[in-house]
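The values are calculated or read from the model by the stated rules, or taken from the named source; none is laboratory data. Given the structure is predicted, the values throughout are model-derived calculations rather than measurements. Cβ placement follows ideal geometry from the backbone for every residue including glycine, while neighbour counts extend to all protein chains displayed.
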Amino acid sequence: MGRSLVDVRVLQREYLLAISRALTAELELHDLLRLILRAAVDLVAGEAGMIALAEPGRESFRVAAVYGIPADQVDHFAPLMRGIPYQGADEGETVPELTRRLHEVAQKIDLALTRVFRLPMISGDEIIGLIYVFQSGNYHLVQDAPTLLRSFAEQAAIAVKNARLYEQIQQEKQRLDAILEQSADGVLILDNNLRITVFNRALSQMTGWSADEAIGRHHDEIIQWETLKTDTDLNEALANGWPLPGAAHLYVEGTLLRHESGIHQSERPSVSLGITYAPMLSDRDQMTDIIANVRDLTRFREEQALQKTFISVISHELKTPVSIIKGYAGTLLRQDANWSPEILVESLQVIEEEADNLTALINNLLEVSRLQAGTFSLEISEEVLLPKLAASTARRFETQTDRHTFALDFDPHFPVIYGDERRLTQVLNNLVSNAIKYSPEGGNITIKGEIYPEHVTVSVRDEGIGIPSHQQNRIFQKFSRLDNALSRKTEGTGLGLYLSKAIIEAHNGRIWFAANQNSPGTTFTFSLPKN
Ligand code: ADP
């Protein structure tokens, strides 16, 4: 069978068209290479062919497509890919060593292959692969076969290059997606219609919206400010011409209502967020997207509020005893007065008491700062007799109130506990002093010990104003005081229960409260392990 050069050229054109079409049809690289190879083999009336691709970063080649070679015979062709470097454009149509090796292979696999062309696939100035075309018989048809085949090699090189770029982009995209998804800050990307295109996990946690629910929605459906701390929000800024050339970022801060039916449930109905919007502009300064970085400021705001409370509470608590001490001392110092010994003693007692109050407050503050610095530690080595501690606490407080009566209820076999006696005394003091403070009408205060197989409990029961049970967690927090008239009237820092909890937990115990059953008042209980 013979083909004229004109026939061949027409055929070549047709194949090249088909390949260009395939290139844009996003075929898999492997299929595309096979198509190119078949066309190349066909064009020169060859028998078989293979494409070998250079392994990036290595000297070797690996087979990427074969045509006309049974799959189980492909390995035999390996010697053709090894150790005969491509010699450049002037390699010519035949390389004697290549032909010799082909003959060896052909004998082994019983295919009558006689002739081999090798064409480089070049990208930039790098050889990224070689196309081998094998002929059988001892004739060849077209004089300038290498020239004809070169166009196929070019197409193959483009295909490989595209595929590699695509793979790189894919990898890069996966990496970026992972970074966005894992980011501790919320990331929100909006298109130029303010529709959400990216919504990461941190943002789901903050807002209560899942990414599936949020993507595709308008920005304003998700970001609904309850209160705004900054002057403008995104819509107002856009209406005022943001972003101006130069593309400054826009910062918006406020509290946001959380999505109620959200999968990320939270006790908090709203969150404090700070959002930085960064516009992405095209070459012609058109806004294409907005990338927003979202920070959860709730903790920070709570910290700030606590800090404020701390300063006002502490200054009040410090001022009161200091002004009482100063008042009494000033009065006693008056030259014109002649104080009776009773008044002198009484006044000095007040001064001493208030000085003790100051010391207690300062000690509490020191304990809190130790807790915060992580240097809070117990001195556990003592054998603590809780019934004895309870009795002496009751005795001490009895002298300070005439409205309350005290009762102790401990089993005579109440076991000895190993703990920090000074700190456990502090817990009892705090619970009993609260019991007195928060039962202004007076009543009975019972300190009761109970024995269980693994632990003991001590409870302090009052008949006072009581605490709503949903305050269970809040009340043990630093500086937390219930907002009732009595708390506002009585002195306190909101540190007592916070420290008590820290002390009991450092002993591997627990502390909680419950409303009394069938009578007013509260019972605070702590447990301690027996060993
Ligand atoms: P402080 O008594 O200094 O305010 P605490 O940490 O000891 O601080 O207590 C925190 C808050 O818990 C108090 O302000 C009060 O509102 C409430 N509270 C504590 N004990 C009782 C109690 N026995 N009865 C009612 N409310 C209490």
For Leu165, state whether it is among the aliphatic types (A, V, I, L, M), in the same structural domain as Asp42 (by TED's automatic domain parsing) and exposed (fewer than 13 other Cβ atoms within 10 Å of the Cβ). yes
Out of everything in region 450-480 that is more than 9 Å from the ligand (Cβ to nearest atom), at pLDDT below 90 and touching a strand residue (DSSP E or B) at 6+ places or on another chain (Cβ under 9 Å), what residue ends up being nearest to Leu528 (Cα to Cα)? Gln472
What residue, of Glu379, Glu454, Glu441, Glu398, is surrounded by fewer than 20 Cβ atoms within 10 Å (Cβ to Cβ) and in contact with an Asp or Glu (Cβ under 6 Å, 6 or more places away or on another chain)? Glu379
Of the conditions (1) among the β-branched types (Val, Ile, Thr); (2) loosely packed, with under 14 Cβ neighbours inside 10 Å; (3) under 24 Å from Pro520 (Cβ atoms), Val460 fails just one. Which one is it? (2)
Does any residue in region 49-73 that is under 22 Å from Phe152 (Cβ atoms) come within less than 7 Å, Cβ to Cβ, of a residue that is assigned to a loop (DSSP other than H, G, I, E, B) and of a type in the set (Val, Ile, Thr) six or more places away or on a different chain, and which pairs are these? Met50/Ile69
When only residues in region 497-523 that are surrounded by 21 or more Cβ atoms within 10 Å (Cβ to Cβ), away from the ligand (no atom under 12 Å from the Cβ) and of a type outside the set (Val, Ile, Thr) count, which is farthest from Leu424 (Cα to Cα)? Gly509
Looking at region 55-79 only, could you name the residues that are within 50 Å of the chain's Cα centre (by Cα) and of a type in the set (Phe, Trp, Tyr)? Phe61
Can you say whether Gly186 is of a type in the set (Gly, Ala, Ser) and either surrounded by fewer than 18 Cβ atoms within 10 Å (Cβ to Cβ) or farther than 30 Å from Glu47 by Cβ (or both), as far as the supplied structure shows? yes
Any hit, region 200-212, residues being surrounded by 15 or more Cβ atoms within 10 Å (Cβ to Cβ), of a type in the set (Asp, Glu) and over 18 Å from Ser270 (Cβ atoms): no
Among the residues that make up region 326-334, is at least one of them part of a loop (DSSP other than H, G, I, E, B) and over 38 Å from the mean Cα position of the chain (by Cα)? yes
Criterion (within 33 Å of the chain's Cα centre (by Cα) and under 30 Å from Arg62 (Cβ atoms)) met by exactly one of Gln135, Gln205, Gln168, Gln224: Gln168
Conditions (1) crowded, with 19+ Cβ neighbours inside 10 Å; (2) under 25 Å from Glu55 (Cβ atoms); number of the one not met by Ile122: (1)
Odd one out for Asp483, checked against (1) within 9 Å of the ligand (Cβ to nearest atom); (2) surrounded by 15 or more Cβ atoms within 10 Å (Cβ to Cβ): (2)
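Let's see how each residue does on (1) touching a Ser or Thr at 6+ places or on another chain (Cβ under 6 Å); (2) farther than 29 Å from Asn473 by Cα:
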| position | (1), (2) |
| --- | --- |
| Asp191 | yes, yes |
| Leu194 | no, yes |
| Gln205 | no, no |
| Ser210 | yes, no |
| Glu221 | no, yes |
| Pro243 | no, yes |
| Ser270 | yes, no |
| Leu273 | no, no |
| Ser282 | yes, yes |
Please state which one of Leu273, Leu234 is under 15 Å from Arg295 (Cα atoms) and surrounded by 14 or more Cβ atoms within 10 Å (Cβ to Cβ). Leu273
Does Lys530 satisfy the condition of being touching a strand residue (DSSP E or B) at 6+ places or on another chain (Cβ under 9 Å), over 19 Å from Thr401 (Cβ atoms) and more than 7 Å from the ligand (Cβ to nearest atom)? yes
Go through region 407-428 and give me each residue that's more than 20 Å from Leu482 (Cβ to Cβ) and within 14 Å of the ligand (Cβ to nearest atom). Gln426, Leu428
Any idea which of (1) at pLDDT 80 or above; (2) within 7 Å of the ligand (Cβ to nearest atom) is the one Gly492 doesn't satisfy? (1)
How about region 280-292: which of its residues are under 24 Å from Leu256 (Cβ atoms) and in contact with a Leu (Cβ under 8 Å, 6 or more places away or on another chain)? Met287, Asp289, Ile290, Ile291, Ala292
